[in-house]
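This report refers to the structure that appears directly beneath it.
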Amino acid sequence: MKVKLLFLSISFVYALNLNITKFITKDAIEFSEKMSKTSSRNLEFILEKAVQNKIITSIDKYRLHIIYSKLKNGSIFLAKCLKTKGCNPYKFYKEVYNKPPLYKYIYLKYPNISNTLLIQKVGQVNEKIMDKYFQKSGWKKIEGEVGRNGVDGLYIKYDENGNIKDVMLVEAKYNKSTINRTVDGSMQMSKEWSIKKIDELIKKYPDNKEYKIIKEKLLNRDYRARLWRMKEEDNKLIIDLKKILPEGKNIKIEPLKGGEKTKINYKDNFIIDINNPKTPFQKEVLEWYKEAINEI
């Protein structure tokens, strides 16, 4: 089915009481919740208008109602697709249905997004939250990537004399994404892999003395390595922070213990109810989450 660009009339927008792109930019999470109560009514209205404007046929109206009624806030997704040039509502539904909430928010902003770009934007949101967290904890982030390859989070701390005293490398993963073995046989975040990435940064920024100091600390095992994982389940944002133990080309991943733990590791912090955050810290993390979605 060829889907034409749907030009929503002023009365149509008024009746729906939404401007999807504007609302997503303002607050994607609250948008989803506010529309849930009127989803069914809006779905019927959207489909009827689409038939009247000859965007879809009566048969499509019946079929699309069945499938989009199965999708939470299906009317929102359908309206966004129909008003986006080139968006096929059948294909769009299949792409969106089983995706985690963050993917859905991004699809609402970019219905025709490729899978590669979608994954990149999910990664950007995750890394933005991670950066906010560690910078709030006193770490300074410096460039850790050459192109799109490298260390997701490269952080340093200075002593009172302005010298680098601490170095931390962090790999950010979303949902079930895993740390992989690279072409040369080394695991991401292994000592060998990490040194190789710092060498690439030294080559790109030959006048930057920080990278040379970082390399020395890596060679002497005088640094920290962490795995930051964010996922969403049952309308909860869950953040898990573990330590990575580099062993040549391999790694071990273990829970943080005692003084290694940071604020996110404690049970009252790392499981965040998106609709009902319990602490000021959880509210702050959700603000970072919303800001990150708006910025991508």
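Just so you know, all these numbers are worked out from the coordinates, no wet-lab data involved. The structure displayed is predicted, hence computed values, not measured ones. As a convention, Cβ positions derive from the backbone with ideal geometry for all residues, glycine included, and neighbour counts pool all protein chains shown.
Quick look at the values:
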item: Equivalent ellipsoid dimensions for region 149-296 as semi-axes, Å, which come from the Cα gyration tensor, largest first; result: 29, 18, 16
item: Glu247/Glu160 FRET efficiency (R0 41 Å; Cβ-Cβ; nearest 0.05); result: 0.75
item: Computed E for Lys263/Glu233 - FRET, C-beta separation, R0 25 angstrom, nearest 0.05; result: 0.75
item: Cβ-derived FRET efficiency at R0 35 Å, Lys136 paired with Asn220, nearest 0.05; result: 0.80
item: Members of Lys85/Lys236; Lys136/Lys157; Lys173/Lys204; Lys197/Lys252; Lys83/Lys128 lying beyond 23 Å, as alpha-carbon distances in this model show; result: Lys85/Lys236; Lys173/Lys204; Lys83/Lys128
item: Over the chain: helical MRE at 222 nm, DSSP H runs n ≥ 4 each giving -39500 (n - 2.57), nearest 500; result: -14500 deg cm²/dmol
item: Cut-off under 5 Å, modelled amide H: who pairs with Ile253 long-range; result: Leu245
item: Fraction of beta bridges assigned by DSSP in the chain that are antiparallel (%, nearest 5); result: 80
item: Extension gain (nm, one decimal) between Lys209 and Glu295, 0.36 nm per residue minus Cα-Cα; result: 27.8 nm
item: Percent of Cα-Cα distances greater than 36 Å, calculated over the chain; result: 30
item: Span per principal axis, largest first, for the Cα atoms of region 76-165 (Å); result: 60, 24, 21
item: Segment Thr279-Tyr62, extension gain: residue separation times 0.36 nm, minus the distance between their alpha carbons; result: 73.6 nm
item: Euclidean distance between Cα centres, region 38-105 to region 161-212, Å; result: 43
